[in-house]
Amino acid sequence: MEYNVIGKTGVKVSELCFGTMSFGGEADKESSKAMFNRCREVGINFFDTADIYSNGRSEEILGECISDCRDEIVLSTKVFGATGKDINDEGLSRRHIIQAVENSLKRLRTDRIDFYFLHKFDSNTPIEETLYALDHLQRQGKILYPAVSNWAAWQIATALGISAKESLARFECVQPMYNLVKRQVEVEILPLAQAKNLGVLTYSPLGAGLLTGKYTNNKKIADGRIANNERYKQRYGEESYYEVADKFVLYAEKKGYHPVSLAVAWVMSHPDVTAPLIGARNLEQLEDSLAAKEINMTDDLRKEITSLSIEPPVATDRTEKFL
C-alpha cells in the first residue's frame, strides 16, 4: 500500500480509503468487521463514514472496529443530514453542528474526528456561521481538520476566502463524486484543490455499480442501487452513461482486467486525487476494489480508458487564444 499526504496537513493516508456506508445496512455487524479487518491487513488506515449512514449505526460499528487501534486510524465523518425528528436536527447551523459532533464522537467512541466533512451545501445558513462553528470545534480539539463534500467550486473558494480573511480553520480536504461517467470534478474542483493544496477524497468510483458490468444496455438487472434506489436512478439515468459503461466493460475484458479494479485504478491515477473511497457489502466485493492497487496504470492505459467517456466542457465558453 502506498501513502499520500492530505493537502498541507502532513497527515499520511493510504491510497485507498474505505467508506463504511454499508455498515449496519447492506452489511451486518459481522460482515462489517470482517471487511474492516481485511482493509487493515492490506494497509488501509483511512476510514470514512457519516452520521446519517444507517441512522448512526455505521458510526457505531466503525467505533467498535477502531477501539483498539484508534491512534493508527485516520477517521472522517460528516454532518448535515437529518439525524432526528426535530426541525433543527439537520443543516449546517452552529446549533446543529455542535450537537451532531458530540453525537458522532459518542457513536465512534473517540475524543476527536480527524476530518469533519460538511456533507452538502446549506442555502439556509450563511457560510460564515458554519465556518465559525468548525473553527470552534477545531480549537476544542474535537475535530482536527474541517472538510467539505458536494459543494461547487465557487462555494468552496468562497469559504476559503472567508477563512483566510477571518483567520478561521480552513477546509483541508474535499470529497466530490468522480468516476468515468461523472467527470465534472475535472473542470473546476480538482484544479481548485491543486491550486489551494487541498486533499481530495473522491467517492463513487464505480458509479453506483454502473461500471461493474452488471448494468448494460442489454442487461439492466432488477437488483442493485441503480435499480432499486430512485436517487441513483436519477443520478445515472442518462443513456450515454450506459454507453460509456458498455465500452468500458468490454475494454476491461479485452485487457484482462476486472472492471471494478480498473475503474478504481483509473480514479486513483489522477494526480490530484489523494485517495478514492471504496465500499463493499461483503468481502468478495471488497477484494475486487483492493486489486486496483496492483494495476500498473500507465499514461497510455489511462488515456485509452479516458477516451471511452465524454470529456466535460471547460469552465469558460471563451477558448480561443488572444492575439
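No lab work stands behind these numbers, since they all come straight from the coordinates. All values derive from a computational prediction rather than experimental measurement. Here the Cβ is made from the backbone with ideal geometry for all residues, glycine too, and neighbour counts use every protein chain on show.
Quick one: in region 246-267, which of the residues that are touching a helix residue (DSSP H, G or I) at 6+ places or on another chain (Cβ under 6 Å) and among the small types (Gly, Ala, Ser) is nearest to Ser309 (Cα to Cα)?
Ala263
Looking only at residues that are part of a helix (DSSP H, G or I) and among the hydrophobic types (A, V, I, L, M, F, W, C) in region 54-68, which one is surrounded by the fewest Cβ atoms within 10 Å (Cβ to Cβ)? Before you say what the answer is, go through the steps one by one.
If we filter region 54-68 for residues that are part of a helix (DSSP H, G or I), which is where we start, we get 54-65.
Next, only the ones that are among the hydrophobic types (A, V, I, L, M, F, W, C) stay: 61-62, 65.
Working: Ile61: 27, Leu62: 28, Cys65: 24.
The selected residue is Cys65.
Pairs under 9 Å by beta carbon, first residue surrounded by fewer than 17 Cβ atoms within 10 Å (Cβ to Cβ) in region 179-191, partner of a type in the set (A, V, I, L, M, F, W, C) and part of a helix (DSSP H, G or I), six or more apart or different chains?
Val187/Ala153; Pro191/Ala153
Return yes when Tyr116 is closer than 15 Å to Val200 by Cβ, touching a residue at least 12 places away in the same chain (Cβ under 8 Å), part of a strand (DSSP E or B) and not hydrophobic (A, V, I, L, M, F, W, C) and no when it is not.
no
Taking the stated definitions as given, is Ser76 surrounded by 15 or more Cβ atoms within 10 Å (Cβ to Cβ), small (Gly, Ala, Ser) and not in a helix (DSSP H, G or I)?
yes
Quickly run through region 94-110 and pick out the residues that are at negative phi and in contact with a helix residue (DSSP H, G or I) (Cβ under 7 Å, 6 or more places away or on another chain).
Result: Arg94, Ile97, Ile98, Val101, Ser104, Arg107, Leu108, Thr110.
Quick one: is Ser32 buried (at least 19 other Cβ atoms within 10 Å of the Cβ) and among the hydroxyl-bearing types (Ser, Thr, Tyr)? Walk me through how you get there before you give the answer.
Details: buried (at least 19 other Cβ atoms within 10 Å of the Cβ): yes; among the hydroxyl-bearing types (Ser, Thr, Tyr): yes.
Against the criterion (buried (at least 19 other Cβ atoms within 10 Å of the Cβ) and among the hydroxyl-bearing types (Ser, Thr, Tyr)), Ser32 qualifies.
Would you confirm, using the coordinates I've provided, whether His270 is under 16 Å from Gly207 (Cα atoms) and in contact with a helix residue (DSSP H, G or I) (Cβ under 8 Å, 6 or more places away or on another chain)?
Spelling it out, it is not the case that His270 is under 16 Å from Gly207 (Cα atoms) and in contact with a helix residue (DSSP H, G or I) (Cβ under 8 Å, 6 or more places away or on another chain).
Working carefully through the options Ser309, Ser289, find the one that is of a type in the set (Gly, Ala, Ser), more than 23 Å from Ala34 (Cα to Cα) and in contact (Cβ under 8 Å) with a residue 24 or more places away in the chain. Please lay out each step first, then the result.
On the way: Ser289 fails: more than 23 Å from Ala34 (Cα to Cα).
Result: Ser309 is the single residue among Ser309, Ser289 that is of a type in the set (Gly, Ala, Ser), more than 23 Å from Ala34 (Cα to Cα) and in contact (Cβ under 8 Å) with a residue 24 or more places away in the chain.
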